[in-house]
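I have placed the structure first, in the form of structure tokens, so that the comments after it can refer back to it.
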Amino acid sequence: DIGELKTDTMFYAGKLLNGKAHGKGKLEYTSGQNYGDKYEGDFDNNLFHGYGTYTWKDGATYTGEFKQGKLTGKGRKLYANKDVLEGTFVDGKGNGEGTCQKYNGDMYKGGFQDNYYHGKGRVDYKKGGYYDGQWDRGFASGKGEKKYEN
């Protein structure tokens, strides 16, 4: 069935199964802490599940996989400041291998932990130079090679 669901905090339009969002649909938060946020994609038992796009009211977006209501799986997140993180997400944060294109032109490729550069990775700086080595929660740490701009 196709239909609508409405609560005090959200409005849903799309496929329904036993009175719950299930299949393709669109949801918009109409009040509460997520007011203005939107989701379009797959649902399972009222949860974001499968593939979809979540858009925050500040303009940030995530397009990719969702599991049981959480941004978990392969995806691409465009932040409001125009940074782009692409890779594996767990509970909405970059975890595992990925890339980050910073709004200033710097480019990182490597490991992430809770959105921080972590493990082996390389940053190529737009102004020249790079750091290729170990990272610990966003900071160059341990063995690595650094080249400065000329």
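Data for the structure
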{"quantity": "Carbon plus sulfur fraction of accessible area for the chain, probe 1.4 Å, in percent", "calculated": "50"}
{"quantity": "Solvent accessible area, Å² - Lys57, 1.4 Å probe, full protein context", "calculated": "130"}
{"quantity": "Cα→Cβ-extended label distance, 7 Å offset, between Lys20 and Gln68, nm", "calculated": "1.3"}
{"quantity": "Formal net charge of residues neighbouring Ile2 (Cβ-Cβ distance under 12 Å; K, R +1; D, E -1)", "calculated": "+1"}
{"quantity": "Chymotrypsin sites (Phe, Trp or Tyr not before Pro) within the stretch 47-110: DSSP coil, no more than 12 neighbouring Cβ in 10 Å", "calculated": "Tyr103"}
{"quantity": "Three-way shape label, the stretch 1-58, alpha-carbon gyration tensor, a/c 1.5", "calculated": "oblate"}
{"quantity": "Paired Rg and Dmax values of the chain, which use every Cα atom, in angstrom", "calculated": "18.8, 65"}
{"quantity": "Leu71 accessible area, 1.4 Å probe, all protein chains in place, Å² to nearest 10", "calculated": "30"}
{"quantity": "The stretch 133-150 and the stretch 80-104: distance between their alpha carbon centers, rounded to Å", "calculated": "19"}
{"quantity": "³J(HN,Hα), Karplus 6.51/-1.76/1.60, whole Hz, each residue of the stretch 19-27, x for Gly, Pro", "calculated": "x, 10, 4, 7, x, 6, x, 10, 10"}
{"quantity": "Rel. contact order, % - alpha carbon contacts under 8 angstrom, at least six apart, the chain", "calculated": "9"}
{"quantity": "Ratio of the Cα radius of gyration of the stretch 81-144 to 2.2 N^0.38 Å, where N counts its residues", "calculated": "1.03"}
{"quantity": "Calculated from backbone phi, Karplus (6.51, -1.76, 1.60) coupling profile of the stretch 97-110 in Hz, x at Gly/Pro", "calculated": "8, x, 10, 9, 9, 7, 4, 8, x, 5, 10, 10, 9, x"}
{"quantity": "Computed E for Val84/Tyr125 - FRET, C-beta separation, R0 22 angstrom, nearest 0.05", "calculated": "0.85"}
{"quantity": "Extension gain (nm, one decimal) between Asp106 and Tyr51, 0.36 nm per residue minus Cα-Cα", "calculated": "16.9 nm"}
{"quantity": "Accessible area of the stretch 9-82 divided out per residue, in Å², using a probe of 1.4 angstrom", "calculated": "56"}
{"quantity": "Check: the chain dipole with +1 on Lys, Arg Cβ and -1 on Asp, Glu Cβ, in debye", "calculated": "360"}
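The values are calculated or read from the model by the stated rules, or taken from the named source; none is laboratory data. Since the structure is predicted, the reported quantities are computational estimates derived from the model, not experimental observations. Neighbour counts run over all protein chains shown; Cβ positions are idealised from the backbone, glycine included. Just the protein is used for accessible areas: all its heavy atoms, side chains included, with ligands, DNA and RNA removed. Shrake-Rupley method; radii C 1.70, N 1.55, O 1.52, S 1.80 Å.
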